[in-house]
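Derivation of every value follows stated rules applied to the coordinates shown; laboratory data play no part. All figures in this text were calculated on a predicted structure; none of them were measured in a lab. Because the Cβ atoms are built from the backbone with ideal geometry, glycine has one as well, and the counts that use them run over all protein chains shown.
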Amino acid sequence: MSAIQLLNEALQKKWTFSHEMKIQQEMIPAMLDGKDIVAESPTGSGKTLAYVLPILNKVSGSKKQTQALIVAPSQELAMQIVNVIREWIVGTDITVQQLIGGANSARQIEKLKKKPTIVVGTPGRLNELARSGKLKLKEIETIVLDECDQLLSREYRVVVKSFIDGAAYGRQVVVVSATITEEIEIVAERLMFEPIHIKIKPEDMVKVGKIVHSYVKVDERDKTDLLRRLANISGVRALAFVNNIDQVLMKQNKLAYKDAPIVALHSDMKKEERQKTLEAFRKGDARILIATDIAARGLDITGLTHVIHVDVPRTIEQYTHRSGRTGRAGADGEVLTLLSYRDEKTYKKWLRELDLKAVQKIWHKAELIEGNAKTIATPTPSTKKGKKSNK
């Protein structure tokens, strides 16, 4: 029996996909059984529906209480989860409410009074509403932590633990992420009851595209200009990662001055500004979107041709997370690193540990081609115009 056949008839009728993803085959039955779960599965492998469908099967819209809580580390991811849920609850009495920072809290409090069936939110706003008694944690029977490697990091751990501790007795806890370190796994287990562990590898996914890992050697000061050039290559659609917000702002200012088809996303932006930026990128008005890892968490952007590491990631998990955003749904993709001298050692270490081979490239005649400075032929003095060859 397929996992979808375990769901109620209404959900089965709405299922229009040709096949189930591996994570869905394993997570749906386990969630329906009420198990606590630690699930590691690559970006783009179908994790959202793997937990959303069992939740929708389990909750009741006629029951006037909030029964499920989904926590996400970024506003964008929370909004995307809400959009997925809204598609699946059409024609039912199940309701969903997003509770995110940057939005009007008074309006959110009014919506909470109506007891939405499912709540999706970011840690800061959820904590604020729970502490003021507006969000009744004790009624919640299922808690999902999406991108748990972020939510169980030291920054959010105490707050997230308070959500779980305050939930109904016997509550179900499900944590999912593309990468789960040993430390995060230990922390997760302490918050759960005999969790089952699910690990999906990239090769378990259907239709994995071919991904080329490449790098171009470039001085730190020249990275912004190289981004500008890359953005002028027809067909490029790239998500470019930097390690801190200061670099995002600096590059955004320089590129805006040069009128490059590049936009930036960072945590200091207002909700409306973020939406405008994402819309410009999705419509193709901009070819490259620059962001930090936190700002880009959970962004569901299809058709990326490239992931660009403007800065070499600080951790191997970051490299995996970022790189997994291209080559999805059977499409090919490229992971390009702008490699400065100081980061060569770290970059080579990540490649070694991930057992990856990278191709060196060079900017030549308005395009990025395979090779290095030595392989690009240059005329010798004896063959230049006006000089005679010895031959």
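Computed over the stretch 211-370, relative contact order equals 35 percent, with contacts defined as Cα pairs under 8 Å that lie 6+ residues apart.
Taking the 0 to 90 degree range and rounding to the nearest ten, how far is the long axis of helix 22-32 tilted relative to the main principal axis of the chain, both from C-alpha atoms? Between the helix axis and the principal axis of the chain, the angle is about 20 degrees.
Amide hydrogen proximity for Ile196: with H placed 1.01 Å from N in the peptide plane, the residues at 5 or more positions away or on another chain lying under 5 Å are Asp36, Ile37, Val38. Working note: Karplus 6.51/-1.76/1.60 with θ = phi - 60° gives the stretch 190-195 the couplings 5, 9, 10, 10, 6, x Hz, where Gly and Pro are set to x.
List the relative contact order of the chain as a percent without decimals, with contacts defined as Cα pairs under 8 Å and 6+ residues apart. Once divided by the residue count of the chain, the mean separation gives 17 percent.
Of all lysines in the structure, the ones whose alpha carbon falls short of 26 Å from that of Lys276, not counting any fewer than 8 places away in one chain, are Lys111, Lys223, Lys251, Lys254, Lys258.
As a rough footprinting exposure proxy, the listed residues Met192, Met27 were ranked by other beta carbons within 10 Å of their own, and the order from fewest upward is Met192, Met27.
Which loop chymotrypsin sites (Phe, Trp or Tyr not before Pro) in the stretch 8-105, with loop taken from DSSP, have no more than 10 other Cβ atoms within 10 angstrom of their Cβ?
Values: sites: Trp15, Phe17, Tyr51, Trp88; in loops: Trp15, Phe17.
Those satisfying the criteria are Phe17.
Beta bridges per DSSP, both residues in the chain: antiparallel share near 5 percent. Arranged from fewest to most other beta-carbon atoms within 10 Å of their beta carbon, His213, His197 become His197, His213. Relative to the dominant Cα principal axis of the chain, helix 75-88 is inclined by about 60°.
Put in line by how crowded their Cβ is, counting other Cβ atoms within 10 Å and starting with the fewest, Asp225, Asp246, Asp36 read Asp246, Asp225, Asp36.
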